[in-house]
Structures are given as C-alpha cells and as structure tokens.
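Just below is one structure, and these are the notes that go with it.
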Amino acid sequence: MKLASGGLMVRMGLWGLLWVSCAAMARQNSNPTPQEGNGGEQPFKIAGTVVNAITGVPLPQARVSIQDTRNRAQMISMVTGENGHFEFTSLPAGKYALRGARRGYISSGYEQHEQYSTAIVTGPEFATGNLMLRLTPMAMILGHVLDESGEPLRSARVSLFLEDHGGGMSRVTRLNTATSDDRGYFDFNVLSPGTYFVSVSAKPWYAVHPSTAQELGDSGQHVPVALDVAYLTTYYGGTTDAESAMAIEVKGGEHEQVDIRMSPVPALHLLFRTGVEEPGQRGGFTMPVLQKRVFDSVEFVQHDGMNIVSPGVYEITGVPAGRYNVTIKSSTPGEAEQSSEMDLLHDGQDLNGTPGEPLGSLKVTVKMPGNEALPRQYAVALQDSRQRTVAFRQGDAFGEASFEDVTPGKYGIVFAAPGKLYSVARTSSSAGESVGHDVTVAPGAALEVTAVLSAGVVRMEGVVEKNGKPVAGVMVVLVPNDPAAHGELFRRDQSDFDGTFALQSVVPGMYTIVAVEDAWGFEWLKPGVLARYVQHGQNVNVGELMRGTVRLPEAVEVQGR
C-alpha cells in the first residue's frame with residue numbers, strides 16, 4: 001500500500017523528484033470515534049503497542065491514527081498511555097492505513113519501507129488485536145568546522161549526503177545543507193538510520209586575492225603569498241576527494257560527532273579571453289562557469305570574482321587547484337557554449353586553452369494522449385543513464401519546454417503532472433520517429449522533438465502468496481519488457497495484511513510482475529540482477545483499450561532474495 005494519497009510523487013532516486021501534489025489533510029479527532037458495522041456485521045478492532053524500534057520499549061504519548069484506505073478523509077486518532085497501548089474498536093471489516101508519530105521519532109506507517117507500508121485488514125480471519133507499531137528514534141550528526149590553527153571557522157557551508165538505496169539503485173545524493181555559526185558548530189537532526197557523508201566548503205577569513213594587474217602595477221602594495229590561498233572542499237575523514245570520503249554510519253537515536261579541519265592551499269589565477277577588445281565592454285560574453293563532480297551530482301564552484309588584466313583578457317581568482325568542468329560561452333553571436341573537463345593546476349592557465357565540446361539545446365513539444373487537454377500545471381525532465389534527473393522545466397500553455405546548454409548525450413524524457421502518471425510512448429523529430437522516451441543531443445545541435453504521451457489509466461490488483469498462503473510486507477514490482485530503457489514504467493507496492501496489492505496508473509504495455517521477499521534497499525535495478533526474478537514472474541499484457549481496475553486471475557508467487 002502506498003503511503004502517499006493524492007498527487008504525484010516520482011522518486012529522485014529511481015526517478016528523481018519531479019512533482020508533489022498533496023491533498024489537504026482531513027480533520028483529526030483527539031479520540032477515536034466508534035464506527036458501527038453495516039448490515040449487522042461483527043465490529044472489529046485494531047490494537048497494539050507503539051514501541052521504540054531499537055530497544056523494543058513501549059512509547060507513551062505517541063499519536064496513532066488509522067485511515068480507511070477507500071476514503072482517506074476518514075481518519076481517527078488517539079494518544080498512547082504509559083504502556084504504549086493503542087486501540088480502535090467498533091470498526092467495520094475493511095482495510096486501514098495505520099500510522100504513528102512521536103516527538104523525537106521518525107513518523108512511520110506500519111512496517112514502512114521507503115514510501116510504502118502494509119495496510120491492516122480487519123475481518124474474522126485476521127488477528128489485528130496485538131500489533132507492534134515500531135518508531136525509530138531520530139538520529140543527529142553534529143560537529144565543528146575548524147581552520148588550520150584549530151580555531152572555529154564561521155559561515156562555512158556544510159553539506160550532508162545520504163547513501164540512498166531506494167528504487168532499486170544506490171546513489172549518494174545531497175540531503176541537506178547548513179552554515180557553521182561563530183563557534184564553527186553545525187548540526188543535522190531528524191535523521192533516519194543510514195550511511196551519510198559530510199563535506200565543507202569555506203573561504204579563509206584572512207585570504208586576499210590580488211589581481212595580476214595590481215601585482216604588475218606600481219602600487220607599492222604586494223600581498224604575501226601566504227594570504228593568497230583557498231580551501232579545497234573537504235570531506236569528513238580529511239580527504240578532498242569525494243570517492244575517498246569517510247562514511248558515517250548512523251543508527252536510530254545516535255548522535256554522531258564529526259569535526260572537520262580545513263587546510264589552505266595556494267589559490268590559482270586563471271585567465272580567459274573574450275575576444276572583446278574594448279575596455280569595459282562586457283556585453284558580448286559571460287563569466288566562465290566552474291563545476292565539480294561530487295558523488296552522483298555536479299555542483300557549482302565559487303570563486304573570488306573576475307578582474308580585467310588587459311583588453312579582452314580577464315582573470316578569475318580564489319580557485320584551488322583541481323579537476324573541473326569548465327563551461328565558456330562564445331563571444332561570437334550564435335555559437336553554442338562549450339564545456340570541457342580541465343585539470344586546473346597552475347597560475348596563468350588559460351581556460352580557453354582546451355577546446356571544449358559544444359553544448360546543445362532541446363525543445364520538447366508534448367502531445368497528450370487522445371483528445372486529452374493539456375494539464376494546467378506540468379513539468380518535463382531529462383534523466384541520464386542512471387535515471388538521475390539532470391534538468392527540469394515547467395511546461396508552458398502551448399505544451400512546450402526548452403532546455404538550453406545541454407551536455408551532449410542520451411537522455412530520457414519524463415513528463416509529470418498532478419494526479420496522473422504519464423509515459424512518453426514515442427518521440428518524433430526531423431530525423432524520424434522512434435519508440436520510447438530516449439533522445440540523443442549531439443554536440444552543438446538544436447534538437448526539437450515531439451513527445452507523444454501515453455497515460456496510466458489502469459489499476460492492477462492482485463495477491464502474493466508463499467506456499468499457498470498470502471504474505472504481507474512483500475515488495476511487488478511491475479517490470480516493463482525493456483527495463484533499462486523504460487524506468488518510468490515501473491510500478492511498485494507493498495503487500496497488505498491479506499497479501500493484496502494495488503499498482504496505480506499503469507501505462508499500456510507488456511510487463512512481468514514479480515514479488516520479492518526482503519528486497520527493500522536491494523539493488524534489483526542493476527543489469528542482470530532483476531533478470532533472475534523476471535524469468536519466474538507472471539507475464540501481464542495491459543492493452544491500449546483497457547481502463548479501470550484489472551484483477552490478476554492468479555496469485556503472484558513470492559521469490560526469495
């Protein structure tokens with residue numbers, strides 16, 4: 001059962017977070033209100049204990065709520081007593097979402113994994129009177145940023161990264177940022193158990209970066225070399241390389257202390273030429289953009305600014321040596337920006353010295369399925385080969401979204417709108433038509449494509465079994481025929497108390513449905529890993545004319561991990 005109700009959530013992990021549209025929460029009662037069964041049905045109850053997921057100790061003062069999954073507006077809540085007990089009585093037979101929250105703990109659904117949980121089913125054949133609702137205590141990472149003398153470093157930018165195993169593929173993504181205070185202190189709280197990394201970007205408070213023009217002039221003022229320095233981005237563990245960063249393993253309720261000391265290195269003076277010879281004439285160019293790869297993302301690099309060295313020659317200061325992606329806009333009108341990987345190692349290095357690859361552009365025109373009107377709000381995104389969202393644009397009233405300065409390569413086009421899931425069934429351009437959502441942007445090309453959409457209009461229901469018995473808490477995955485090329489067609493759910501599941505907004509196509517035990521956090525999207533489950537799965541064909549709910553005639557057999 002999916003936790004989210006109303007709106008569209010597409011993961012950053014498998015999908016990248018493209019859109020969230022949430023319905024307003026209904027009124028919550030401080031005490032449960034009895035509901036009488038209809039037609040003389042026997043009333044049932046949902047009861048149990050809220051416990052600390054680490055210690056198993058019962059938790060008083062925890063707020064527990066249930067919602068009828070057929071009508072999320074019907075919510076009843078209560079607060080646990082000293083023994084952590086909760087109890088909802090006089091309930092009709094049905095399916096209910098059970099959720100708990102408490103100060104200092106991560107709010108959670110029953111047996112929650114990622115954004116999925118197991119719904120409680122009431123009925124004479126289900127034991128729902130002694131449930132265990134586990135809440136994990138929040139963790140914290142805190143520490144200090146220190147300079148080379150061991151003194152507190154204020155206004156440092158501290159970044160927290162999470163090793164995310166959701167969606168079948170592991171990625172290290174930025175989770176949050178903080179700024180150190182005058183004690184050099186920072187903290188990240190409300191953290192779930194997991195593996196984290198911390199980096200720090202800062203400037204030495206005493207640093208001075210004179211321009212080459214000043215040094216060559218007869219000002220009589222010369223800055224000592226020891227002051228013309230910068231800090232490299234530094235990771236916990238003392239390294240300046242993301243791949244060598246020390247992982248911080250955090251368990252529920254733990255407070256991990258991490259102190260990071262910065263060390264100065266000489267700051268570079270880098271040159272770039274604009275082709276604009278008149279002093280002060282700067283309308284024909286823009287400052288080069290420096291970026292650096294950090295784990296699974298690319299981040300902008302700050303520097304100290306730009307100075308004129310001579311007509312048409314400018315200088316960037318305050319950059320430490322390293323490998324950077326350098327993007328330079330041509331001074332010639334109509335020419336594309338160029339991007340290249342460069343090792344910047346010494347003063348006076350010319351950023352124009354390494355020919356870059358011209359960037360391209362992409363204009364996407366959306367064609368809705370059938371006679372469907374264009375949504376009032378929607379977005380178009382580009383994903384790379386690892387299904388990471390690398391660009392995101394709000395679409396306009398004409399069904400168009402434009403992407404400038406696109407690094408040459410192959411991308412998947414993803415469309416998102418509130419309340420409904422869509423897939424790009426095919427694309428067409430001046431070069432012809434192709435099936436699927438992939439497009440290739442060539443160096444310097446201005447590509448225009450039409451993306452023909454297919455809507456998710458089918459709800460697929462079924463049950464998972466193991467040795468002939470329904471199983472709860474199992475991950476169910478609907479796998480498209482070409483999973484590597486169609487990540488946006490995957491659908492997942494977690495089986496409920498009675499082994500049932502529901503896959504929402506399924507797009508027409510050929511699929512295999514599998515149920516895998518203990519697969520949460522498992523990298524099942526890696527090439528070859530999923531194949532061994534698919535060969536024992538159940539084939540499903542969702543036709544173009546299918547609508548509404550489709551019930552699978554046979555149970556899906558659970559496979560072991």
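Every number in this text was worked out from the coordinates using simple rules, so none of it is lab data. None of the values given here were measured: they were computed from a predicted structure. Every residue, glycine among them, receives a Cβ derived from its backbone with ideal geometry; neighbour counts consider all protein chains shown.
Table for the structure above
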item	result
Gain in span if fully extended, Ser385 to Phe522, counting 0.36 nm per residue against the direct Cα distance	47.4 nm
Contour minus Cα-Cα distance for Arg70 and Val57 (0.36 nm per residue)	1.4 nm
Violating pairs (Cα-Cα greater than 24 angstrom) within the set Lys329/Lys367; Lys367/Lys420; Lys251/Lys526; Lys95/Lys469	Lys329/Lys367; Lys251/Lys526
Kirkwood Rh, Cα atoms: Rg over Rh of the range 458-559	0.93
In Hz, Karplus ³J(HN,Hα) per residue of the range 477-483 (6.51, -1.76, 1.60; θ = phi - 60°; x = Gly, Pro)	10, 9, 9, x, 4, 10, x
Estimated vicinal HN-Hα couplings, Hz - the range 108-123 in sequence order (Karplus 6.51, -1.76, 1.60; Gly, Pro = x)	8, x, 5, 6, 6, 9, 6, 9, 10, 8, 9, 7, 8, 10, 9, x
222 nm mean residue ellipticity, helices alone, for the chain (DSSP H n ≥ 4; -39,500 (n - 2.57); rounded to 500)	-500 deg cm²/dmol
Under 11 Å, Cβ to Cβ, from Thr500 - net charge with Lys/Arg +1 and Asp/Glu -1	-3
For peptides 80-89, 341-350, sequence by mean Cβ density within 10 Å, most packed first	80-89, 341-350
Share antiparallel - DSSP beta bridges, the range 360-455, percent rounded to 5	80 percent
Peptides 517-527, 478-488 ordered by average Cβ neighbours within 10 Å, highest first	478-488, 517-527
Under-5 Å amide H pairs with Lys363, H placed in peptide plane, nonlocal only	Phe403, Leu447, Glu448, Val449
Charge dipole magnitude, Cβ of K and R +1, D and E -1 - the range 124-199, Cα centre, debye nearest 20	200 debye
Å³ per residue enclosed by the Cα convex hull of the chain	187 Å³
Over the range 458-559, relative contact order from alpha-carbon pairs under 8 Å, at least 6 apart, %	39 percent
Relative contact order computed over the chain (Cα-Cα under 8 Å; 6+ residues apart), in percent	11 percent
Residues of type lysines that Lys410 reaches as a straight line, Cα spacing below 18 Å, ignoring anything fewer than 8 places off in the same chain	Lys363
Bridge type composition, the range 458-559 - antiparallel percent by DSSP, nearest 5	75 percent
Distance between modelled label sites at Glu254 and Ala226, nm, 7 Å Cα→Cβ extension	4.1 nm
Potential extension, Ala484-Leu142 segment - 0.36 nm per residue separation minus Cα distance	119.2 nm
Electrostatic dipole magnitude of the chain [Cβ: Lys, Arg +1; Asp, Glu -1; Cα centre; debye, to 20]	1960 debye
Using θ = phi - 60° and Karplus 6.51 cos²θ - 1.76 cosθ + 1.60, couplings along the range 385-395 (whole Hz; Gly, Pro as x)	5, 9, 6, 9, 6, 10, 7, 8, 9, 6, x
Hits among aspartates and glutamates - C-alpha to C-alpha of Lys466 under 16 Å, sequence gap 8 or more where chains match	Asp496, Asp498, Glu517, Asp518, Glu554, Glu557
Rounded to the nearest 20 debye, dipole of the range 138-358 from Cβ charges on Lys, Arg, Asp, Glu	340 debye
